[in-house]
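S.K.: Got a structure for you, questions after.
Any read-out appearing in this document is the output of simple, stated calculations on the displayed coordinates, not a laboratory observation. Given the structure is predicted, the values throughout are model-derived calculations rather than measurements. Note: ideal-geometry Cβ built from the backbone for every residue, glycine included; neighbour counts use all protein chains shown.
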Amino acid sequence: MSSRAIDQLFEAFARHGDSHYGERVSQTAHALQCAEFAARDGADEALVAASLLHDYGHLIEADRLLDPDNPTTDEMHEMLGADALGAIFGPAVVQPIALHVAAKRYLCATEPGYLDGLSAASAHSLVLQGGPFDADQARRFEAMPFAAEAVRLRRYDDQGKIEGGETTRLSDYRDLLLRLALGEGH
Ligand SMILES: [Fe+2]
């Protein structure tokens with residue numbers, strides 16, 4: 001079951017991984033770069049997997065959007081992805097994904113200069129996503145389980161937009177994903 005579930009994830013990349021969503025890199029290249037930054041930073045396997053799959057919701061969305069390269073609404077891709085991945089992985093993978101947009105809003109509110117460093121597409125989507133958190137929202141975010149992991153993921157997300165930067169392939173992560181996939185009965 002788990003093996004088939006991982007196959008289906010990779011099939012979604014095969015269908016839509018070439019889409020760019022307004023960024024300079026494709027979804028697949030972005031995912032691979034984020035996972036690589038996570039691994040280089042010493043992240044554990046769950047956070048590497050979360051980094052690889054954090055925009056999985058965009059791939060699901062792409063099955064429904066006419067023009068996935070030019071999204072004009074925020075479809076809450078982080079929740080779409082987390083919901084779908086929750087059937088396969090535990091919270092250490094799923095929660096940083098669910099919170100990676102909140103982590104952007106948090107960093108915009110708490111880290112001077114962070115907003116200025118966002119890519120144009122990321123700054124555009126920030127508006128659709130509700131803008132920077134206020135002080136109360138930032139405090140509530142910090143108290144959430146996996147908030148720190150979501151902030152780490154967010155930094156890999158922001159870094160992983162280098163044209164021609166990836167050196168790994170999706171299939172390189174197959175064993176790691178299988179190790180993390182929940183067994184039958186979960
Ligand atoms: Fe991303």
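S.K.: The chain: percent of C-alpha pairs farther apart than 22 Å?
M.R.: Counting pairs separated by more than 22 Å, the tail of P(r) holds 41 percent.
S.K.: For the chain, what is the relative contact order in percent, using Cα pairs closer than 8 Å and at least 6 residues apart in sequence?
M.R.: Working: 255 pairs, mean separation 62.3, N = 186.
Result for the chain is 33 percent.
S.K.: If the only charges are +1 at each Lys and Arg Cβ and -1 at each Asp and Glu Cβ, what is the size of the charge dipole of the stretch 101-156 around the Cα centre, to the nearest 20 debye?
M.R.: 160 debye
S.K.: Let's see if you can work this out: charge +1 on each Lys and Arg Cβ, -1 on each Asp and Glu Cβ, no other charges. What is the dipole magnitude of the chain about its Cα centre, in debye to the nearest 20? Kindly include the intermediate steps, with their values, before the conclusion.
M.R.: Working: 16 positive and 30 negative charges, 52 e Å.
That gives the chain a dipole magnitude of about 240 debye.
S.K.: Still on this model: What 222 nm value per residue comes from the helices of the chain, counting each DSSP H run with n ≥ 4 as -39,500 (n - 2.57) and dividing by all residues, nearest 500 deg cm²/dmol?
M.R.: -17500 deg cm²/dmol
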